[in-house]
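Just below is one structure, and these are the notes that go with it.
The values are calculated or read from the model by the stated rules, or taken from the named source; none is laboratory data. The model shown is predicted, which means the values in this text are computed figures rather than measured ones. Backbone-built Cβ (ideal geometry, glycine too); neighbour counts: all protein chains shown. Note: accessible area is taken over every heavy atom of the protein model, side chains too, but ligands, DNA and RNA are not part of it. Shrake-Rupley method; radii C 1.70, N 1.55, O 1.52, S 1.80 Å.
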Amino acid sequence: MAKERDDTIASRISRVLADRIIRGEIAPDARLRQDHIAEEFGASHVPVREAFRRLEAQGLAISEPRRGVRVASFDLKEVREVAEMRAALESLALKHAAQHLTPAILDAAEEATREGDAAADVRAWEEANRRFHRLILAPCGMVRLLASIDDLHAASARFLFSAWQSGWEKRTDHDHRAILSALRQGRVEEAASILQKHVQWIGRAPVRTPSGVTREAFAIVG
């Protein structure tokens, strides 16, 4: 029973910390202090260590000898890696999902696209965009594949929130509409090809660091 309780607490801690890291509330390279987190959640060190291991598995934290655990940083190379992985895995999922996509699912995906187009900020856009992708991919029924894609979307969201904390401009997603049009006409290979290119589009935005220095940040905008 104690182990089950620790697992439950570890899940909650890792979920909360992952959300904070993805939203940019905990900065890259920031140290995750075991004592402080245990105190915040009223937990022992056992579930906190397990939560750290889960964050490491998601690529959100790094454990270093004698330095403890810190939030993982990222660069353009990592953004490109995630984009290429998403292209490969999402096109595979779509090919398996296509035969199970009903008109109702495609209509819901179109509605998600409209919501994304109307989004007033980056968080609303990301939520609508992720919903679109989940709707057209989930019917593949491949649990491990979908779990991997979810992790990649979490990484994409982190890149996005880092690059566009402000200054988001509404945009019309023509790729989403082209994917839906191809799927409605049974042109699955074409839809998968558009999706592959779509998720590899990397945008850039100037970001001011806490020290006042302006740097370029990169994110997958798809």
Task: Identified option (computed Rg/Rh (Cα atoms, Kirkwood Rh); candidates [x] 1.01; [y] 1.08; [z] 1.05) - done: [x]
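Averaged over every viewing direction, what's the projected area of the C-alpha convex hull for the stretch 104-149? Give it in nm², one decimal, please.
Numbers: hull surface 12.9 nm².
Taking the Cα atoms of the stretch 104-149, their convex hull projects to 3.2 nm² on average.
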- [ ] Count charges around Thr113 for me, please; just the other residues with Cβ under 14 Å from its Cβ, Lys/Arg as +1, Asp/Glu as -1.
- [x] -1
- [ ] Calculate the radius of gyration of the Cα atoms of the stretch 35-157 to one decimal place, then report Dmax, the largest Cα-Cα distance, as a whole number, both in Å.
- [x] 17.9, 56
- [ ] Just the number, please: carbon plus sulfur as a percent of the accessible area of the chain, 1.4 Å probe, no ligands or DNA/RNA counted.
- [x] 51
Task: Within straight-line cross-link reach of Lys77, aspartates and glutamates at Cα separation under 15 Å, skipping those fewer than 8 residues along the same chain - done: Glu216
TODO: Starting from the coordinates of the alpha-carbon atoms of the stretch 53-125, obtain the Kirkwood hydrodynamic radius over all distinct pairs and give the value in Å to one decimal.
DONE: 15.9
- [ ] Quick one: compute the contact order of the chain, relative version, from alpha carbon pairs under 8 angstrom and 6+ residues apart, as a percent.
- [x] 21
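Grab the Cα-Cα distance for Ser44 and Glu84, subtract it from 0.36 nm times how many residues apart they are, and report the gain in nm with one decimal.
On the way: separation 40, 0.36 × 40 = 14.40 nm, distance 3.91 nm.
Answer, rounded to one decimal: 10.5 nm.
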Open item on the list: Along each principal axis of its Cα atoms, how long is the stretch 120-196 end to end? Whole angstroms, biggest number first, please.
Closed with: 39, 29, 16
Open item on the list: Between 0 and 90 degrees, rounded to the nearest ten: what's the tilt of helix 122-137 against the longest Cα principal axis of the chain?
Closed with: 60
Open item on the list: Below 11 angstrom from the Cβ of Ala138, what's the summed charge of the other residues (Lys, Arg +1; Asp, Glu -1)?
Closed with: +1
- [ ] For every other residue with a beta carbon closer than 14 angstrom to the beta carbon of Ile194, add +1 if it is Lys or Arg and -1 if Asp or Glu, then tell me the sum.
- [x] +1
TODO: Mind ranking Arg131, Arg158, Arg12 by accessible surface for me, highest first, 1.4 Å probe?
DONE: Arg12, Arg131, Arg158
- [ ] Return one whole number: the accessible area per residue of the stretch 1-90 in Å², for a 1.4 Å probe.
- [x] 60
Task: Relative packing of 47-60, 108-121, which averages over residues the other C-beta atoms within 10 Å, highest first - done: 47-60, 108-121
